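See structure below.
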Amino acid sequence: MDFKQIQELIKMINKSNIGELSIEQKDFKITIRQKEEQVTQVVTAAPVQLQQAQVPALPTQAAPATPAAPKAAEVPSNTITIKSPMIGTFYRKPAPDKPNFVEEGDVLSPGKVICVIEAMKLFNEIESEISGKVVKVLVDDASPVEFDQPLFLVEP
């Protein structure tokens with residue numbers, strides 16, 4: 001089955017009420033599923049030569065995740081992670097010419113401002129809810145952060 005035939009199948013499935021279509025020929029299998037309106041998922045198990053070409057791509061995608069695991073293992077087990085309460089841009093200091101709110105090794109107390117997160121042109125001061133010593137700052141200054149993204153590691 002060639003690429004044009006697969007495209008035609010997808011178009012026909014999109015126009016119909018068919019939820020799923022599977023076709024198997026010798027060493028070729030294709031499944032087309034329709035999730036919602038005009039959304040199609042294509043899963044293929046191609047001939048052996050094509051699969052071998054795809055296999056080397058998998059380790060290169062998994063490689064970046066592998067170094068992250070040892071970094072997590074280096075962190076002492078008694079640390080607490082301070083996470084971002086919102087999406088925005090993370091800043092370690094109140095202004096470009098001012099010192100950072102906290103550095104690694106600083107002692108925190110509840111209510112102490114530890115960073116600022118800018119969201120929609122508003123600068124939100126993030127205060128510590130715990131006391132302890134800052135072990136590691138996990139985000140670079142002026143970086144975008146997601147909700148619940150780890151920002152600091154604190155040893156209570």
On a straight-distance basis, which aspartates and glutamates could pair with residue 93 in a cross-link, Cα separation under 15 angstrom, same-chain partners fewer than 8 positions away excluded?
103, 104, 106, 118, 125, 127, 140, 141
Per-residue HN-Hα couplings for region 2-10, Karplus 6.51 cos²θ - 1.76 cosθ + 1.60 at θ = phi - 60°, whole Hz, x for Gly and Pro?
9, 4, 5, 5, 5, 4, 4, 4, 4
Highest mean first, what order results for 129-139, 9-19, 77-87 on Cβ atoms within 10 Å?
129-139, 77-87, 9-19
Using Cα positions and a limit of under 13 Å, work out the aspartates and glutamates in reach of residue 26, with same-chain residues fewer than 8 apart set aside.
none
Name the residues whose placed amide hydrogens come within less than 5 Å of the amide hydrogen of residue 100, ignoring near sequence neighbours (fewer than 5 apart) on the same chain.
none
Taking every Cα atom in region 75-155, find the radius of gyration and the maximum pairwise distance Dmax, and write them in Å.
11.8, 37
For a Förster distance of 35 Å, can you work out the FRET efficiency between the beta-carbons of residue 80 and residue 120, rounded to the nearest 0.05?
0.75
Restricting to lysines and to Cα separations under 26 Å from residue 98, and discarding same-chain partners fewer than 8 apart, the set is 83, 112, 121, 133, 136
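Values in this text are rule-based calculations from the coordinates and carry no lab data. None of the values given here were measured: they were computed from a predicted structure. All Cβ positions, even for glycine, are placed from backbone atoms using ideal geometry, and neighbour counts span all protein chains on display.
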